[in-house]
Amino acid sequence: MNKELIINTYEEDTLLFKENLLGVFENNILQYENDTDTFKINLTDHTLEKENLESVLKISPNEALLTLKEINQSFIIKINKHNFSNEKNKISIEYLLESNEHPIKIEIEMSDINA
């Protein structure tokens, strides 16, 4: 089912991006893309996958896997923080990778597309 999305991305408490995008929500998986990345959020296993031309980053509750496409090599990154919530069409994902100084938080509000 197609959805309208309002997406706010924060680093610590600073708003980095606010986007209004369209996404597809099927089988408990939300998929959407912006100008640079494609995102896939699995609400069942609490994973986030972010793909762009250079890499694929898959974040799960226990670890992250970064795959560099050019050299076809993957690296495991420790997760220092992983919070995931899904309440009434509002998804919140907060994570802190060992390689980052500040946590990233993505808040998504989903609504049906008005015809």
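The values are calculated or read from the model by the stated rules, or taken from the named source; none is laboratory data. Computed from a predicted model, the values in this text were never measured in an experiment. Counting neighbours? That spans all protein chains shown, and the Cβs are built from the backbone with ideal geometry, glycine included. With ligands, DNA and RNA removed, areas are computed over all heavy atoms of the protein, side chains included. Shrake-Rupley method; radii C 1.70, N 1.55, O 1.52, S 1.80 Å.
Scanning the range 100-115 for residues that are polar (S, T, N, Q) and within 17 Å of the chain's Cα centre (by Cα) turns up just one, Asn100. Evaluating Glu54 against the criteria (1) closer than 15 Å to Thr9 by Cα; (2) open to solvent by 60 Å² or more (accessible area, probe 1.4 Å) leaves one unmet condition, (1).
If you scan the range 62-115, which residues turn out to be open to solvent by 80 Å² or more (accessible area, probe 1.4 Å), assigned to a strand (DSSP E or B) and under 22 Å from Phe25 (Cα atoms)? Selection gives Glu87, Lys90, Glu109, Asp112. Which of the residues belonging to the range 59-84 are of a type outside the set (Val, Ile, Thr) and within 16 Å of the chain's Cα centre (by Cα)? Ser60, Pro61, Asn62, Glu63, Ala64, Leu65, Leu66, Lys81, His82, Asn83, Phe84, listed by residue number. If the condition is being part of a loop (DSSP other than H, G, I, E, B) and free of Cβ contacts under 8 Å to residues at least 12 places away in the same chain, then the range 14-59 contributes Asn27, Asp35.
Against the test of being within 12 Å of the chain's Cα centre (by Cα) and open to solvent by less than 60 Å² (accessible area, probe 1.4 Å), the options Glu19, Glu49, Glu33 yield a single qualifying residue, Glu49.
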